[in-house]
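Values in this text are rule-based calculations from the coordinates and carry no lab data. A quick note: this is a predicted structure, and the numbers were derived from the prediction, not measured. Note: ideal-geometry Cβ built from the backbone for every residue, glycine included; neighbour counts use all protein chains shown.
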Protein chains: 2
Amino acid sequence: MTDARLDVLCIGNAIVDVIAATDDAFLAREGLDKGSMRLIDAEEATRLYDHMGPAREISGGSAGNTAAGIAMLGGRAGFVGQLADDQLGDVYAHDVQSIGVEFTTPRIPEAEAPTARSLVLVTPDAERTMNTFLGAAQALTVDRIDEDQVRESAITYLEGYLWDPELPRAAMERAIEVAHEAGRQIAFTLSDGFCISRHRDGFLGLIDGGKIDILFANEDEIMALTGAAGFEAAVAEVRPKVKVLVVTRSEKGAIACRGDETAQVPAEPVERVVDTTGAGDLFAAGFLTGLTQNRSLHDSLRIGAIAAAEVISHYGARPEADLKALVASKLG
Amino acid sequence: MTDARLDVLCIGNAIVDVIAATDDAFLAREGLDKGSMRLIDAEEATRLYDHMGPAREISGGSAGNTAAGIAMLGGRAGFVGQLADDQLGDVYAHDVQSIGVEFTTPRIPEAEAPTARSLVLVTPDAERTMNTFLGAAQALTVDRIDEDQVRESAITYLEGYLWDPELPRAAMERAIEVAHEAGRQIAFTLSDGFCISRHRDGFLGLIDGGKIDILFANEDEIMALTGAAGFEAAVAEVRPKVKVLVVTRSEKGAIACRGDETAQVPAEPVERVVDTTGAGDLFAAGFLTGLTQNRSLHDSLRIGAIAAAEVISHYGARPEADLKALVASKLG
């Protein structure tokens, strides 16, 4: 992949996370499914925000978190996502660009739609429940895809969440075409169990149609996708359909399959899990960084596990520690 | 103080903190004085923001942090500060109101000036260096003071930083008059050594003029204010001029004086100091909460030390833990 200008181009919803600690009683009162991501409109965003406690604002968005992680691990990352020209848009653009991620998507006026935000409620068990107002992120049109940038990227990484809004879905389908025409690879994350329940046929169509080279899922997601009776069966069903399959299993570690090869790692120990937001995104960042550095499947999984462990040890889905140094100290 | 509707009304600059980890080399390159707060204009704010790394946005402002701490400790707190009607203004208003602080100051249009922000650079030694763009906060005029609210508050707490911009200085002088006419008390924090070097005569005028009932300072600040040869001499010089004097001394603990009475506590142990932003503000919150609950000087200092220890254990100047439960577990 040495002829590529970027290692990984990540395309996703550009979202600022608004993160508040809460308790299970609050989720119950609000009728929220713990651990899920639901889409909300502006009115519900205002209502829920008025009910929730004080928060911190940290850039997020699944693919954006992955791009940030790759850059912090020393990889050449790009990001494509739609912001508005408002204060939260300034924050998002700063955060992604200041760590060296290439990000050039032009913004839309705030009057059309404000920058997306996700109200992230974190319970004492560190589980996050996300309530996302997509705002400007829904306006990611096909013409926002810089086709040269896609062609110049070894891997284009897409989040399943992009399938929710109509315009970004088309943008993502175009990115897949362009990447494959240029002989590049497509990586895809299933994102969320509820997202799969909304778009199972679409996701299966992508996978069965050979559109996905590298697939990321967690245990729940691969079960929801396949409807298989057990984890082994689900993995066996999906692995022949993609070049690389990566499945994360929380405290049970993670597994990667490539052809006949299978690698497995335990979860990285964490002193105290504070907020699981971004665990999957940073796992993907670590794994893809390893892959683009031609590391073994096993070592790529290890980098994923190290990056995921860092991000769940504090609030927010962007790494706080020096990830590159952390990996070097643990893996060499 | 049982006839008061609010225990403490805090008046200060309403500022969103933009907090980034950095290193000493960055401070040196930018010519920044570690540990200080400097005022910057919009242009410098943009320039420095472009240079600094990814950040998290958390509501801050000295008196705002104190109000938040008092509310979290179970006290009846109010806050007065000037925001714009922009996204950062929404964030600030939400954060302070959602923990039960009374906050009714009308906002100004963003076109006049945007909500204030402070670029807070945190070095690995947990020291913070603040670069504050005051924006809308400078527009806190005398008519923003709700005189009834001041009269109904047992203590009105003012930050020394308010002395920097002209309009808020006048607002604060009016608040002092109104409070004293109503037989209420004025608490004041010296805020920052550099702030004292800018306004030493003004601060001494307030203290010598009997305008301050409860004075908060740290060791450096009381030395800068008095120019005394040693700590003991500085305390001896100031204590007769105020009803209560509280001096914090970082890892050396804190001391409080009231008339002939002197109380002292050691610093509360902290597992890992991450970011010292807000330590003094939360100390004041804890001490004032104790005082309004008619606790002893010693126990009031202890509550201050517990609240300060919590806030320096993570990024941001607003408490993350349940402060009330924390104090109950340690003090009863």
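For B:GLY253, place a label point 7 Å out from Cα along the Cα→Cβ vector, do the same in each other copy, and report the separations in nm, one decimal, smallest first.
5.1
So, counting K/R as plus one and D/E as minus one, what does the shell of residues with Cβ under 15 Å around B:ARG174 add up to?
Details: positive: B:ARG144, B:ARG151, B:ARG169, B:ARG184, B:LYS211; negative: B:ASP143, B:ASP146, B:GLU147, B:ASP148, B:GLU166, B:GLU173, B:GLU177, B:GLU181.
Spelling it out: positives minus negatives among the neighbours equals -3.
Which entries in B:LYS211/B:LYS252; B:LYS211/B:LYS241; A:LYS211/A:LYS241 show an alpha-carbon gap greater than 18 Å?
Numbers: B:LYS211/B:LYS252 29 Å; B:LYS211/B:LYS241 10 Å; A:LYS211/A:LYS241 10 Å.
From B:LYS211/B:LYS252; B:LYS211/B:LYS241; A:LYS211/A:LYS241, over 18 Å: B:LYS211/B:LYS252.
Could you go through region A:135-141 in sequence order and give the Karplus-derived ³J(HN,Hα) for each residue, using 6.51 cos²θ - 1.76 cosθ + 1.60 with θ = phi - 60°, rounded to whole Hz, and x for Gly and Pro?
Those phi angles translate into x, 4, 4, 5, 8, 6, 8 Hz.
Name the residue from B:ALA42, B:VAL120, B:ALA93 whose Cα lies farthest towards the positive end of the charge dipole of region B:29-120, charges +1 on Cβ of Lys and Arg and -1 on Cβ of Asp and Glu.
Projecting each Cα onto the dipole axis, the largest value belongs to B:VAL120.
If packing is taken as the average count of other Cβ atoms within 10 Å, what order do A:154-163, A:221-230, A:191-200 fall into, highest mean first? Display every interim value, and only then the final one.
Details: A:154-163: 26.4, A:221-230: 17.2, A:191-200: 19.1.
Output ranking for A:154-163, A:221-230, A:191-200: A:154-163, A:191-200, A:221-230.
Past the 35 angstrom mark, what percentage of all C-alpha to C-alpha distances in the protein assembly as shown do you count?
43 percent
Between copies, how far apart are the A:GLU43 label points? List them in nm, one decimal, shortest first, with each point 7 Å from Cα toward Cβ, please?
Distances to the matching label points in the other copies: 4.7 nm.
In chain B, what percentage of the DSSP-assigned beta bridges are antiparallel, given to the nearest 5?
Within chain B, antiparallel bridges account for around 35 percent of the total.
At a Förster radius of 22 Å, what calculated FRET efficiency corresponds to the Cβ-Cβ distance of B:SER329 and B:VAL273, to the nearest 0.05?
For R0 = 22 Å, the calculated efficiency reads 0.60.
Return the loop-located trypsin sites (Lys or Arg not before Pro) in region A:3-44 (DSSP other than H, G, I, E, B) with at most 14 other Cβ atoms within 10 Å of their own Cβ; answer none if there are none.
Of the trypsin sites (Lys or Arg not before Pro), the ones in loops of region A:3-44 whose Cβ has at most 14 other Cβ atoms within 10 Å are A:ARG5, A:LYS34.
Let me know the whole percent of all Cα-Cα pairs from chain B that are separated by more than 27 Å.
38 percent
Using 7 Å Cα-to-Cβ label points, what is the A:LYS252/A:ASP322 separation (nm, one decimal)?
That separation, rounded to one decimal, is 3.7 nm.
Which of the aspartates and glutamates could a cross-linker bridge to B:LYS243, judged by Cα under 13 Å and excluding same-chain residues fewer than eight apart?
B:ASP208, B:ASP213, B:ASP260, B:GLU261
Measuring from a point 7 Å out along Cα→Cβ, what nm distances, shortest first, does B:ALA25 have to its partners in the other copies?
So the distances to the same position in the other copies read 5.1 nm.
What fraction of the DSSP beta bridges in the protein assembly as shown is antiparallel, stated in percent and rounded to the nearest 5?
35 percent
Nearest-5 percent of antiparallel DSSP beta bridges in region B:62-205?
Beta bridges within region B:62-205, antiparallel portion: roughly 45 percent.
With runs of 4+ DSSP H residues as the only contributors, calculate the mean residue ellipticity of chain A at 222 nm using -39,500 (n - 2.57) per run, divided by the residue total and rounded to the nearest 500. Walk me through the numbers on the way to the answer.
Details: 12 runs with 130 residues, N = 332.
When only DSSP H runs of four or more count, the value is -12000 deg cm²/dmol.
Given A:ALA217, B:GLN82, B:GLY53, which one lies farthest toward the positive end of the charge dipole of the protein assembly as shown, if we put +1 on the Cβ of every Lys and Arg and -1 on the Cβ of every Asp and Glu?
Of the candidates, A:ALA217 comes out farthest on the positive side.
Where is the GNM fluctuation largest for chain B (alpha-carbon springs, 10 angstrom cutoff): B:ASP85, B:ASP201, B:ASP164?
Fluctuation is largest for B:ASP201.
Quote the charge dipole size of chain A about the Cα centre in Debye, to the nearest 20; the model charges only the Cβ of Lys and Arg (+1) and of Asp and Glu (-1).
It works out to roughly 780 debye.
Once amide H atoms are placed 1.01 Å from N in the peptide plane, what residues at a sequence separation of 5 or more from A:HIS314, or on another chain, have their amide H within under 5 Å of its amide H?
When sequence neighbours closer than 5 places are left aside, the close amide H contacts are A:VAL274, A:ASP275.
Suppose each label sits 7 Å from its Cα in the direction of the beta carbon; what would the B:ARG200-B:HIS51 distance come out to in nanometres?
For the pair B:ARG200/B:HIS51, the computed spacing is 2.9 nm.
Please give the charge dipole size of region B:197-262, origin at the Cα centre, charges +1 on K and R Cβ atoms and -1 on D and E Cβ atoms. Round to the nearest 20 debye.
Charge dipole of region B:197-262: 160 debye, to the nearest 20.
Once you keep just the Cα pairs under 8 angstrom separated by 6 or more residues, what percentage relative contact order results for chain A?
18 percent
Give the long-range amide H neighbours of A:ASN218: residues separated by 5 or more places, or on another chain, with amide H under 5 Å away, using H modelled in the peptide plane at 1.01 Å from N.
Here the answer is A:THR248, since their amide H atoms fall under 5 Å of that of A:ASN218.
With each label point set 7 Å from Cα along the Cα-Cβ vector, what nm distance links B:ASP148 and A:LEU167?
4.8 nm
Between A:GLY60, A:GLY209, A:GLY286, find the one with the highest GNM mean-square fluctuation for chain A; connect C-alpha pairs within less than 10 Å.
A:GLY209
Per residue of region A:106-122, what does 6.51 cos²θ - 1.76 cosθ + 1.60 with θ = phi - 60° give for ³J(HN,Hα)? Whole Hz please, x for Gly and Pro, Karplus curve as stated.
Values, residue by residue: x, 8, 9, x, 4, 4, 6, 6, x, 4, 5, 9, 10, 7, 9, 9, 10 Hz.
Once region B:129-227 is represented by equal point scatterers at the alpha-carbon sites, with solvent omitted, what log10 I(q)/I(0) does the Debye formula produce at q = 0.12, 0.19, 0.23 Å⁻¹?
Debye output, listed in q order: -0.38, -0.94, -1.27.
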